[in-house]
Amino acid sequence: MFYYLVQHPSIFNPVIKEPHYFSEDFPDLRVLKTPDEYQDLFVKASEREILMGESSVSYMYSKIAARRIKEMNPDSKIILMLRNPLEIIYSWHAHSVSILNENEHDFQKAWDLQDERAKGKNIPAKCIEPFFLQYREIGKLGKYLNQLREVFPSSQIKLIFYEDFKKSNQQTYNELISWLGATPYSGVQFRVMNASRINRSQLLAHITERHLGAGFTRRFAPLRKWLGLENVSLRGKLRRMNRVVTERPMLDPEFKFSLQRYFKEDVKLLSELSNRNLNHWLD
């Protein structure tokens with residue numbers, strides 16, 4: 001959703017999409033660590049860009065981030081895109097493999113490794129944050145929405161269900177834009193984002209994921225400005241060049257059924273919190 005939001009003329013697009021600034025309990029994820037660095041992320045917003053934000057997934061799971069966000073701006077608005085937890089964790093695993101946080105390419109085997117990894121064993125050498133190998137936590141949307149609502153009132157949290165957005169891109173988008181306080185906009189290109197991809201080259205993946213992060217962006221900011229490339233992400237371009245779309249295999253039916261049983265109670269909680277029947281997620 002971030003890529004669609006920043007196409008709106010009233011919404012500022014920061015160079016760093018996921019700074020993870022407020023996730024102090026995930027220190028190795030934080031690419032911006034001081035208030036000045038974080039403020040600089042938005043300093044180039046024009047007068048017409050009246051809305052600004054970023055899209056750090058870690059805030060959903062952090063025990064600290066929501067409180068830190070509220071301390072900075074009590075009126076902050078939080079957007080959550082929700083979907084079937086089985087789809088989320090399967091997609092998250094593929095994403096983790098592509099960014100080198102995960103080295104087990106078979107999702108069922110990675111799921112079975114969770115207990116060991118929770119004890120600090122079998123952690124991939126290039127893994128930045130072991131918590132995000134706990135796929136059972138990544139899929140607990142009810143649990144973490146409940147945690148978020150302990151800090152922010154429901155009026156400041158917008159829930160968007162992916163199935164609604166998929167069915168009606170423009171309508172769902174306009175409802176979100178109106179909630180944010182901007183005018184509807186029909187110029188958005190709703191191209192497919194976050195399709196499942198694999199790396200063509202592991203070496204290039206290592207370079208883009210471990211050497212071309214926000215630190216690289218800050219160090220070479222003067223050169224980028226001189227070249228007129230302030231809003232161009234070298235890392236993003238190399239990522240896109242290195243990744244090829246692929247189809248994930250279907251989950252084993254018995255394994256899928258065990259996942260549905262595991263997430264049943266959390267889906268029930270999310271149904272209650274969102275006032276929406278989500279039983280079809282477990283069919």
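The values are calculated or read from the model by the stated rules, or taken from the named source; none is laboratory data. These numbers were taken from a predicted model, which means no experiment stands behind them. For neighbour counting, all protein chains shown are included, and Cβ atoms are generated from backbone atoms with ideal geometry for every residue, glycine included. Heavy atoms of the whole protein, side chains included, go into the accessibility calculation; ligands, DNA and RNA do not. Shrake-Rupley method; radii C 1.70, N 1.55, O 1.52, S 1.80 Å.
Residues that are of a type in the set (S, T, N, Q) and in contact (Cβ under 8 Å) with a residue 24 or more places away in the chain: which helices (runs of 4 or more DSSP H) entirely in the stretch 56-108 hold 2 or more of them? Don't jump to the end; show me each part of the working.
Details: elements: 58-61, 65-72, 85-98.
Helices (runs of 4 or more DSSP H) meeting the threshold: 85-98.
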- What residue, of Leu100, Leu113, Leu80, Leu86, is in contact with a helix residue (DSSP H, G or I) (Cβ under 6 Å, 6 or more places away or on another chain) and on the phi < 0 side of the Ramachandran plot? Leu86
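Sort through Leu41, Leu133, Leu51 and tell me the only one that's closer than 23 Å to Tyr3 by Cα and open to solvent by less than 30 Å² (accessible area, probe 1.4 Å). Spell out how you get there, then give the answer.
Working: Leu133 fails: closer than 23 Å to Tyr3 by Cα; Leu51 fails: open to solvent by less than 30 Å² (accessible area, probe 1.4 Å).
Answer to the selection: Leu41.
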- Does any residue of the stretch 80-91 turn out to be under 23 Å from Ile177 (Cβ atoms), open to solvent by less than 30 Å² (accessible area, probe 1.4 Å) and not polar (S, T, N, Q)? yes
- Task: Specify the residue that is farthest from Leu100 (Cα to Cα); the eligible residues are those in the stretch 130-156 that are without any contact (Cβ under 8 Å) to a residue 12 or more places away in the chain and not in a loop (DSSP other than H, G, I, E, B).
- Result: Ser155
- Answer with yes or no whether Ala110 is modelled with pLDDT under 95 and either open to solvent by less than 70 Å² (accessible area, probe 1.4 Å) or among the hydroxyl-bearing types (Ser, Thr, Tyr) (or both). no
- Query: Taking the stretch 9-33 as the region of interest, how many residues are closer than 21 Å to Glu129 by Cβ and open to solvent by 60 Å² or more (accessible area, probe 1.4 Å)?
  - Reply: 5
